[in-house]
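Visitor: Before I ask anything, let me first share the structure, which is written out below as C-alpha cells.
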Amino acid sequence: MCGIVGYIGKSKATPFLVEGLKALEYRGYDSAGVAVYDQTIELVKTKGRLKDLESCLDGSQLNGTMGIGHTRWATHGEPSYCNAHPHMNTRTDIAIVHNGIIENYLELKEELEAKGYQFVSETDTETVVHLIEETLKEHENFFTAVLTAAKRLKGSYGLGVISHKNPDQIIAIRKDSPLVIGLGEHENFLASDIPAILKYTRNVYFLEDGEAAILTKDSVKIYDLDEKELKKEVFTVTWDIDAAEKSGYDHFMMKEIFEQPKVIKDTLNGRLSQDSEEVILDQIKIDKDVLEKINKIYIVACGTAYYAGMIGKELIEKIARVPVVAEVASEFRYKDPILDENTLMIVVSQSGETADTLAALRMAKQAGARVMAIVNVVGSTISREAHDILYTSAGPEIAVASTKAYSSQLIAMYLLSIRMGRILGKIDDAEFTELKTAILKLPEQVQNILDRSQEIKALADKHLGMKNIFYIGRGLDYATSLEGALKIKEVAYLHAESYQAGELKHGPIALIEKGSVLMGLLGQESLMEKTISNIKEVKARGADVIAIALEGNTMAKHVADDVFMVPKTHWMLTTLLINIPQQLFAYYISCGLGHDVDKPRNLAKSVTVE
Ligand code: G6P
C-alpha cells in the first residue's frame with residue numbers, strides 16, 4: 001500500500017514531500033524517506049513514523065527543487081532503515097519509490113547479483129533500481145531505460161524515479177497501483193493519492209495501467225509503454241481540503257463517526273427525498289431489460305466493505321428475489337466462479353483501489369459480466385473501470401478503521417436494492433413510501449445516538465479490562481456483529497469473535513466463562529426472542545452482557561447487564577443504527593487502552609497489494 005509523493009518545480013521540494021506524506025500516512029507508517037536532487041541525490045530515510053523523518057530532516061540542508069518521498073507499509077522485509085524507501089543503486093545516481101509488489105523479484109535479483117549488483121535491503125523494490133541501471137547499458141535515454149526495465153516486472157507497481165543525469169525530470173509509471181499527477185504553475189506533483197496534493201492543486205491526471213509520465217517543472221507528458229505520447233483529460237477534484245482535517249475532534253475516527261448524519265444526507269442527496277417517486281441513480285444504467293436477464297449477482301469486497309456487501313446480499317435477495325453471493329475478494333479471485341453476461345457483479349470499496357477487489361472486477365469484466373461499483377473515492381481505479389457507479393459521498397476517510405464509509409455503503413445498498421425492487425415491480429408505492437420515510441429519518445436517528453455517546457463511554461470504561469468479547473446476532477444483526485467485532489480487533493487489539501446467535505451452542509459456547517463479555521444485537525424484531533434465548537444461555541454461564549436493542553424493547557433489560565437503546569426504524573435499516581454504538585464502543589476502548597486509534601498497528605487504509 002505505501003504512500004508516494006514527488007515534486008519538481010520552482011520551490012524547495014522537501015516541504016511538499018513531507019506535507020504530502022503526512023496526508024498519505026494512512027497508507028502505511030512503518031518507515032519513511034525522501035530523496036532530493038541538489039547537485040547529487042541526497043537521501044534521508046528512517047524506520048518509524050513521519051515525525052521521526054521530520055526529526056532526521058531537522059537541520060539537514062535539502063535545498064533541491066526536485067525529489068520523491070515514501071511512507072511504507074512493509075511487505076518484503078521488516079520495517080528498518082535499509083528497507084525504507086527511497087531505494088538507490090550502488091553508484092547512488094538513481095532513486096526510486098515504489099508501491100506494490102514485484103512478484104518476480106527473486107528471479108531478477110539472482111540475475112542482477114550474478115552481474116555483480118550488491119543488494120542492501122530485503123525489499124522487492126531494490127531490484128527495480130538495479131535493473132534500471134543495468135538497462136541503461138543498452139538504452140542511453142533514461143525514460144526508455146525505465147520503460148524497458150518496467151516491461152520485465154511482474155506484479156504491481158506505482159513507481160516514482162529520479163536520476164542524477166536527468167535532474168530536470170521525474171518519471172512515473174503504473175501497473176495495478178494508483179498514481180496521480182497534480183498540475184501546478186511552474187511546478188508539478190506526483191502522489192499515490194489525491195489528499196497529498198490537494199493543498200497545491202485541484203487539477204490532476206490519473207495514470208492508468210500501462211501508462212508512464214515525464215514530469216518536468218513546466219510540463220507533464222504521458223506515454224504508453226512504447227513511448228507513444230497520449231492525450232489525457234485533466235480531472236478537477238471537487239472535494240474540500242477541510243474535510244480531510246480533524247475539525248476540533250481528538251481523532252479522525254471520532255470526527256468521522258460524528259460526521260455520519262451528514263454523510264447519510266450527502267449520500268441520499270439527489271437520489272431520494274421526500275418528493276421522490278423513485279430512487280434516482282444517475283450513473284447506474286441498468287434498466288428492466290438488463291435486470292431481467294441477470295440470473296445471479298456476486299457482491300465482492302474486502303474488510304468492512306465486505307460486511308456492507310453481506311447486508312446488500314440479504315436486501316437484494318429479499319427485495320429483488322435474485323440469488324446473491326457475497327464473497328471476500330481475496331477468495332473470489334482464486335475460485336472458478338460462474339461468470340457470464342447474465343451475471344452482475346457489485347464491488348464495494350471505500351478507496352476504490354483495493355487490489356483484490358480490483359482483480360475480481362477485472363475477472364468479471366473479462367468474462368463478460370456487468371460490473372457495478374459502490375465506491376467512495378471519485379476517480380479511483382475501481383470507479384474508472386466499472387460499468388456502473390454508485391458513489392458514496394462519505395468524503396475523505398482518514399482513520400484506518402472505516403466508520404462513515406461503512407454507513408454510506410449501507411445507504412448505497414438501501415438505494416440500490418430499492419431501485420432494483422422498483423424496476424422489477426417488487427416494491428409497490430406504499431412500501432416505497434414507507435421505506436423512503438424511514439430512510440430520510442436516519443440522519444436524525446443517528447444524531448440521537450451520537451448525542452448519547454457518553455453512555456457508550458461509560459460502558460467502555462466498565463469493560464476496559466476485558467481480554468476478549470463475543471458478538472452475536474441473527475439475520476442482518478449477524479453481519480452487523482461481524483463489523484462490531486472487526487472494529488474491536490482493529491483499534492482495541494482485543495480478541496473479538498462474532499457468531500450467528502443460533503450457532504453458539506454448536507461449539508463457541510464452550511469458551512464462555514465467568515467474566516466473558518458478550519455483545520448481543522437485538523435489531524431484528526422478528527428474530528429478537530430467539531436471540532434473547534441465546535443471550536440467556538450465555539448469561540447463565542457467567543458472561544457479562546451488553547445488549548443493543550430497539551427503543552421499546554422491554555425484554556433486553558431482563559437478560560443483559562447493560563442495554564443501549566437505538567431508535568426504532570424499518571427492519572432493513574436497524575443494522576445501520578445498531579452499528580453506531582459499536583463504533584463508539586471500539587473507539588472508547590481503544591482510547592482507554594492508550595492505542596493510536598487512527599493508525600492502528602499493522603494496518604493500512606488502502607490495501608493495494610494482495
Ligand atoms: C483495509 C482497511 C479496511 C477496509 C478494507 C477494504 O483493510 O483497513 O478498513 O475495510 O481495506 O478497503 P476498501 O477501500 O476497498 O473499502
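The values are calculated or read from the model by the stated rules, or taken from the named source; none is laboratory data. Being a predicted model, the structure only gives us computed values, none of them experimental. Neighbour counts run over all protein chains shown; Cβ positions are idealised from the backbone, glycine included. Side chains included, ligands, DNA and RNA excluded: accessible areas come from the protein's heavy atoms. Shrake-Rupley method; radii C 1.70, N 1.55, O 1.52, S 1.80 Å.
Visitor: Can you pull out every residue in the range 478-495 that is within 13 Å of the ligand (Cβ to nearest atom), touching a Leu at 6+ places or on another chain (Cβ under 8 Å) and open to solvent by less than 10 Å² (accessible area, probe 1.4 Å)?
Guide: Selection gives nothing.
Visitor: With farther than 25 Å from Q582 by Cα and in the same structural domain as I297 (by TED's automatic domain parsing) as the only criterion, which of T354, T343, T392 stands out?
Guide: Every option except T343 fails the conditions.
Visitor: Could you check I299 against (1) open to solvent by 10 Å² or more (accessible area, probe 1.4 Å); (2) within 16 Å of the ligand (Cβ to nearest atom); (3) among the aliphatic types (A, V, I, L, M) and say which number it fails?
Guide: Only one criterion in (1) open to solvent by 10 Å² or more (accessible area, probe 1.4 Å); (2) within 16 Å of the ligand (Cβ to nearest atom); (3) among the aliphatic types (A, V, I, L, M) is unmet by I299, namely (1).
Visitor: Looking at this structure, is I257 surrounded by 22 or more Cβ atoms within 10 Å (Cβ to Cβ) and away from the ligand (no atom under 16 Å from the Cβ)?
Guide: no
Visitor: Would you pick out the residues in the range 579-610 that are of a type in the set (V, I, T), more than 16 Å from the ligand (Cβ to nearest atom) and under 21 Å from N468 (Cβ atoms)?
Guide: Across the range 579-610, the qualifying residue is only I589.
Visitor: Would you check which residues across the range 61-93 are over 16 Å from L215 (Cβ atoms) and among the hydrophobic types (A, V, I, L, M, F, W, C) and list them?
Guide: Passing the criteria: L62, W73, A74, C82, A84, M88.
Visitor: How many residues are crowded, with 19+ Cβ neighbours inside 10 Å and away from the ligand (no atom under 11 Å from the Cβ) when one looks only at the range 310-336?
Guide: At the first step, the residues of the range 310-336 found to be crowded, with 19+ Cβ neighbours inside 10 Å are 310-316, 319-320, 324, 326-327, 329, 332-333.
Next, only the ones that are away from the ligand (no atom under 11 Å from the Cβ) stay: 310-316, 319-320, 324, 326-327, 332-333.
The total comes to 14.
Visitor: Of everything in the range 276-332 that's polar (S, T, N, Q) and more than 21 Å from R362 (Cβ to Cβ), which residue is nearest to the chain's Cα centre (by Cα)?
Guide: T304
Visitor: Given the conditions (1) outside any loop (DSSP other than H, G, I, E, B); (2) in contact with a Ser or Thr (Cβ under 9 Å, 6 or more places away or on another chain), and given that W571 satisfies all but one, which numbered condition is not satisfied?
Guide: For W571, the failing item is (1).
Visitor: Please find, among T144, T148, T127, the residue that is in a helix (DSSP H, G or I), of a type outside the set (K, R) and open to solvent by less than 10 Å² (accessible area, probe 1.4 Å).
Guide: Sole residue among the options that is in a helix (DSSP H, G or I), of a type outside the set (K, R) and open to solvent by less than 10 Å² (accessible area, probe 1.4 Å): T127.
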